């Protein structure tokens, strides 16, 4: 790849700037009027117009001490130059709208377990801003933000190195749970070592099984590794199977709250804590986020941190 400057591109940029100056001269009827509008000196305005004429070998303006008059070519060219200025103004307006106005389609990607929290979080924005549309892509796979044209993705846990930009929204705590029917059948674990004697349901695990780290208030730390009997690639399914009495499971507290309150599952080893998992809002770019992304991030952060079992 050549690193030499693209002189053709530079020339086109110079042409566009000179065309805008020429259009301003015609609109204002004088070099001085165009200079005031463009915050330039009259001599600089005159030089830009002469450079445009010289570059293309035409005369656009007849100049006298009293007035400026368009030549025949100048009249034809001016219509196109004015259109260029109008198009630039329209493009600028659209960029300002994207930056400042909640409108257009927000493409949001979220894992299946997170999708239930999106509607309550974004409902106020969608109600208050009718021009804002939402396309929610629910998938537990780590889809590529660029290929899928995603504006914002929700992710949990440790993020792989990438060029994407991550903003921490909250953290989700975990609960070690089992259904009353399972505990009546298999007994209740009283200490971390007892976990080895139980059947497990887990979200996808590696070949080494499920590693569990538990910490106590006195600083004690226990690590246990178990081999799940049932494995699913969907965290909500893990919770449903746990509530059905098929084994012990690590459940995300916000997702398990209804089952915990109803007694469908019970918390275990309450004197021990599991590490919290960070939740991220991931975007494909760092700077110049459009309003729809900035406001969605803020709304999601507020709503997620307010969930039971969530924290900063």
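Every read-out reported here was derived from the displayed coordinates using simple, explicitly stated rules and does not represent laboratory data. As the structure is a computational prediction, the values presented were derived from the model and not from experiment. So basically every Cβ, Gly included, is an ideal-geometry build from the backbone, and we count neighbours across all protein chains shown.
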Ranked from fewest to most other Cβ atoms within 10 Å of their own Cβ, 229, 253, 261 fall in the order 261, 229, 253
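Test of understanding: express the Cα radius of gyration of segment 93-134 as a ratio to 2.2 N^0.38 Å, with N the residue count.
Details: Rg = 12.0 Å, N = 42, 2.2 N^0.38 = 9.1 Å.
Ratio of Rg to 2.2 N^0.38 Å for segment 93-134: 1.32.
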Between segment 174-191 and segment 15-58, what's the alpha-carbon centroid distance in Å? 81
Percentage relative contact order, the chain, counting C-alpha pairs under 8 Å, at least six apart: 21
Once the convex hull of the C-alpha atoms of segment 174-273 is built, how many Å³ does it hold per residue, rounded to a whole number? 90
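Please report the relative contact order for segment 69-184, taking Cα pairs under 8 Å with a sequence separation of at least 6, and give it as a percent rounded to a whole number.
RCO, segment 69-184: 27 percent.
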Global form of segment 175-228, assessed from the alpha-carbon gyration tensor, a/c cut-off 1.5: oblate
Between residue 274 and residue 306, the two model label points (7 Å from Cα along the beta-carbon direction) sit apart by a distance in nm of 2.6
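Taking Cα atoms of segment 242-312, Rg/Rh with Kirkwood Rh, to two decimals? Please report the intermediate quantities before stating the final value.
Working: Rg = 16.5 Å, Rh = 14.9 Å.
Result: Rg/Rh = 1.11.
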Which of 140, 89, 161 has the fewest Cβ neighbours within 10 Å, and the rest in rising order: 161, 89, 140
For the chain, longest principal axis from Cα atoms; helix 42-56 axis from its Cα atoms; angle between them, nearest 10 degrees, is 90
Treating the angle as unsigned and between 0 and 90°, give the value, to the nearest 10°, between the Cα long axis of helix 7-28 and the longest Cα principal axis of the chain. 60
So for segment 7-99, using the alpha carbon gyration tensor with a ≥ b ≥ c as root eigenvalues (a/c under 1.5 gives rounded; past that, a/b versus b/c decides prolate or oblate), I'd call it prolate
For a quick check: sort 146, 230 by the number of other beta carbons within 10 angstrom, fewest at the front. 146, 230
Measure nothing but the geometry: give the 0 to 90° angle between the long axis through the Cα atoms of 72-100 and the longest principal axis through the Cα atoms of the chain, rounded to 10°. 20
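Go ahead and estimate [θ] at 222 nm for the chain from helices alone: -39,500 (n - 2.57) per DSSP H run with n ≥ 4, summed, over the residue count, rounded to 500.
Helices in the chain give a 222 nm mean residue ellipticity of -14000 deg cm²/dmol.
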With every atom except the alpha carbons ignored, what do you get for Rg and Dmax of segment 55-155, in angstroms? 24.6, 76
